[in-house]
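Working notes for the structure below.
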Amino acid sequence: MTTIFSKIIDKSIPADILYEDELALAFKDINPQAPIHFLVIPKKAIATINDIEEADKTLVGHLYWVAAKLAAEMGFAQDGYRAVMNCNEHGGQTVYHIHLHVLAGKALGWPPYQDKLKPKLV
Ligand code: 5GP
């Protein structure tokens, strides 16, 4: 299944791209939930955490490496941040192409959720 993120990867729709390599892309979230909020996604379309295969383990680790690299370069690594993935409806996932949310720029509350379902985006 293709999603809006496939179009961001192939540049058919614009995004504010922060980092790109052969495996991953990082871009600002269109609806930021913190002063700094960007997404790190694999170029390979994997729908949910549940669809990560053994062969994808290095790729998923790479997403965290990109998050940490950008945190250092953007200057918020020491203050801290959150890097999370939502999975399926109860996890609040709306785009079915896995993505690491990186949220920073303020002291983030915990728990990070509101008890409500979000509509699935296509
Ligand atoms: P999820 O709810 O699946 O965990 O997160 C999806 C995220 O993608 C949301 O934070 C949403 O704001 C973001 N998003 C959805 N569509 C677009 C888009 O077209 N461009 C960008 N930059 N972010 C998007």
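Worth a mention:
- Among the candidates Leu23, Leu18, the residue that is out of contact with any strand residue (DSSP E or B) (no Cβ under 6 Å at 6 or more places or on another chain), of a type in the set (A, V, I, L, M) and more than 9 Å from the ligand (Cβ to nearest atom) is uniquely Leu23.
- Scanning the stretch 1-20 for residues that are free of Cβ contacts under 8 Å to residues at least 12 places away in the same chain and either exposed (fewer than 13 other Cβ atoms within 10 Å of the Cβ) or of a type in the set (Phe, Trp, Tyr) (or both) yields Asp10, Lys11, Ser12, Ile13, Pro14.
- Selection from the stretch 96-122 of residues that are of a type in the set (Val, Ile, Thr) and touching a helix residue (DSSP H, G or I) at 6+ places or on another chain (Cβ under 6 Å): Val102
- Any hit, the stretch 46-53, residues being under 30 Å from Lys116 (Cα atoms) and touching a strand residue (DSSP E or B) at 6+ places or on another chain (Cβ under 6 Å): no
- Restricting the stretch 30-85 to residues that are of a type in the set (Ser, Thr, Tyr) and under 12 Å from the mean Cα position of the chain (by Cα), the residue that is farthest from Leu100 (Cα to Cα): Thr48
- Meets criteria (free of Cβ contacts under 8 Å to residues at least 60 places away in the same chain and surrounded by 11 or more Cβ atoms within 10 Å (Cβ to Cβ)) for Phe38: no
- The set of residues from the stretch 1-45 being in contact with a Leu (Cβ under 7 Å, 6 or more places away or on another chain) and part of a loop (DSSP other than H, G, I, E, B) comprises Leu23, Asp29, Gln33, Ala34, Lys43, Lys44.
- The residues of the stretch 46-104 that are assigned to a loop (DSSP other than H, G, I, E, B), surrounded by fewer than 16 Cβ atoms within 10 Å (Cβ to Cβ) and more than 15 Å from the ligand (Cβ to nearest atom), listed by number, are Glu53, Gly75, Ala77, Gln78, Asp79, Gly80.
- Looking only at residues of the stretch 105-122 that are out of contact with any strand residue (DSSP E or B) (no Cβ under 8 Å at 6 or more places or on another chain) and either among the aliphatic types (A, V, I, L, M) or not in a loop (DSSP other than H, G, I, E, B) (or both), we find that the one that is modelled with the highest pLDDT is Ala107.
- Candidates in the stretch 26-45 are the residues that are of a type in the set (A, V, I, L, M, F, W, C) and in contact with a strand residue (DSSP E or B) (Cβ under 7 Å, 6 or more places away or on another chain); of these, the one that is farthest from Ile9 (Cα to Cα) is Ala34.
The values are calculated or read from the model by the stated rules, or taken from the named source; none is laboratory data. Just so it is clear, the structure is predicted and the values come from calculations on it, not from any experiment. Glycine also receives a Cβ, built like all others from the backbone with ideal geometry; neighbour counts cover every protein chain displayed.
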